[in-house]
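Novice: Before we start, here is the structure in question, set down as structure tokens.
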Ligand code: CTP
Ligand code: CA
């Protein structure tokens, strides 16, 4: 595998990465969120920078330090993340969507804190939170690109496999649905014994049956493996 510093094969390339997890506010003090740490997206951004890329990281609620030299754009919600990613995609050679984007957001935002007793007529009642769909940012990038070959668009998917199919079956179906160039499928729940910083992924390519398996390894080593696939695929013009 590639060791950090060995190759500068992304020299002069502009790379846009989203990471972290979006938070969808309910009121000034509460949100719907997810457990994504943002480590994998940060590792991917760092690996790209080491290989010479000019990197912008759109970071949704990232609580980790980002090395100097990487431009950070902090965001909270899926709609903010979409605005920052779609507004910048055209200026980049590669866009990688690692962020865990909330599929839904509360239909209403309450300007003042929701009180425990929200209905005086029924003091013990609990409110019902109605949700609406967030846009699919990745699919939107593919639609916006149209027939153009740039930017290269890479998606991520964490899958466990279920009654409808194996991890790879689900990954293939997701790749077809999204229409991105590469889909990095992270098999969740199999590497627990290796610890939180070890991971393994399968990289699927649109229009090919080949699968590249990477790991179990550190998120840094896995990230370099993913960039090896992107560079080796000749997708970057
Ligand atoms: N994604 C996105 N916009 C969304 C949801 C997801 O851009 N509203 C991106 C993620 O950043 C990731 C990829 O799509 O790169 C796959 O996310 P995932 O949640 O696995 O896909 P979904 O289509 O939301 O499917 P699922 O029902 O499995 O959640
Ligand atoms: Ca989802």
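Novice: Identify, by number, the condition in (1) farther than 26 Å from residue 237 by Cα; (2) part of a loop (DSSP other than H, G, I, E, B) that residue 168 doesn't meet.
Specialist: (2)
Novice: Among residues belonging to the range 47-79 that are free of Cβ contacts under 8 Å to residues at least 40 places away in the same chain and within 24 Å of residue 135 (Cα to Cα), point out the one that is surrounded by the fewest Cβ atoms within 10 Å (Cβ to Cβ). Steps first, answer last, please.
Specialist: Narrowing the range 47-79 to residues free of Cβ contacts under 8 Å to residues at least 40 places away in the same chain: 49, 63-74.
Now drop any that are not within 24 Å of residue 135 (Cα to Cα), which leaves 72-74.
Numbers: 72: 16, 73: 17, 74: 14.
So the residue we want is 74.
Novice: Answer yes or no as to whether residue 84 is at pLDDT 95 or above, within 15 Å of the chain's Cα centre (by Cα) and over 30 Å from residue 211 (Cα atoms). Break it down into steps so the answer makes sense when it comes.
Specialist: Values: at pLDDT 95 or above: yes; within 15 Å of the chain's Cα centre (by Cα): yes; over 30 Å from residue 211 (Cα atoms): yes.
So residue 84 fits the description; yes.
Novice: Still on this model: How about the range 1-16: which of its residues are modelled with pLDDT of 95 or more and surrounded by 11 or more Cβ atoms within 10 Å (Cβ to Cβ)? Before you say what the answer is, go through the steps one by one.
Specialist: If we filter the range 1-16 for residues that are modelled with pLDDT of 95 or more, which is where we start, we get 8-16.
Once the filter is applied, which keeps residues that are modelled with pLDDT of 95 or more and surrounded by 11 or more Cβ atoms within 10 Å (Cβ to Cβ), the range 1-16 yields 8, 9, 10, 13, 14, 15, 16.
Novice: Something else about it: Would you confirm whether or not the range 193-215 contains a residue that is within 16 Å of ligand 2 (Cβ to nearest atom), surrounded by 16 or more Cβ atoms within 10 Å (Cβ to Cβ) and either under 17 Å from the mean Cα position of the chain (by Cα) or more than 23 Å from residue 94 (Cβ to Cβ) (or both)? Please lay out each step first, then the result.
Specialist: In the first step, residues of the range 193-215 are kept if they are within 16 Å of ligand 2 (Cβ to nearest atom); the result is none.
Looking through the range 193-215, none of the residues is within 16 Å of ligand 2 (Cβ to nearest atom), surrounded by 16 or more Cβ atoms within 10 Å (Cβ to Cβ) and either under 17 Å from the mean Cα position of the chain (by Cα) or more than 23 Å from residue 94 (Cβ to Cβ) (or both).
Novice: Let me ask something additional. For the range 124-149, enumerate the residues that are more than 22 Å from the chain's Cα centre (by Cα) and in contact (Cβ under 8 Å) with a residue 12 or more places away in the chain.
Specialist: Answer for the range 124-149, where residues must be more than 22 Å from the chain's Cα centre (by Cα) and in contact (Cβ under 8 Å) with a residue 12 or more places away in the chain: 127, 129, 130.
Novice: Which of (1) free of Cβ contacts under 8 Å to residues at least 12 places away in the same chain; (2) out of contact with any helix residue (DSSP H, G or I) (no Cβ under 8 Å at 6 or more places or on another chain) does residue 168 not meet, given it meets every other one?
Specialist: For residue 168, the failing item is (1).
Novice: Would it be correct to say that residue 152 is in contact (Cβ under 8 Å) with a residue 60 or more places away in the chain and either under 24 Å from residue 80 (Cα atoms) or away from ligand 1 (no atom under 14 Å from the Cβ) (or both)? Give the steps one after another, and end with the answer.
Specialist: On the way: in contact (Cβ under 8 Å) with a residue 60 or more places away in the chain: yes; either under 24 Å from residue 80 (Cα atoms) or away from ligand 1 (no atom under 14 Å from the Cβ) (or both): yes.
The answer is yes for residue 152.
Novice: Would you confirm whether or not the range 117-135 contains a residue that is within 24 Å of residue 73 (Cα to Cα), in contact with a helix residue (DSSP H, G or I) (Cβ under 8 Å, 6 or more places away or on another chain), surrounded by fewer than 18 Cβ atoms within 10 Å (Cβ to Cβ) and modelled with pLDDT of 95 or more?
Specialist: Yes, the range 117-135 contains at least one residue that is within 24 Å of residue 73 (Cα to Cα), in contact with a helix residue (DSSP H, G or I) (Cβ under 8 Å, 6 or more places away or on another chain), surrounded by fewer than 18 Cβ atoms within 10 Å (Cβ to Cβ) and modelled with pLDDT of 95 or more.
The values are calculated or read from the model by the stated rules, or taken from the named source; none is laboratory data. From a predicted model like this one, the values you see are computed outputs, not experimental measurements. In this analysis, Cβ positions are derived from the backbone assuming ideal geometry, glycine residues included, and neighbour counts consider all displayed protein chains.
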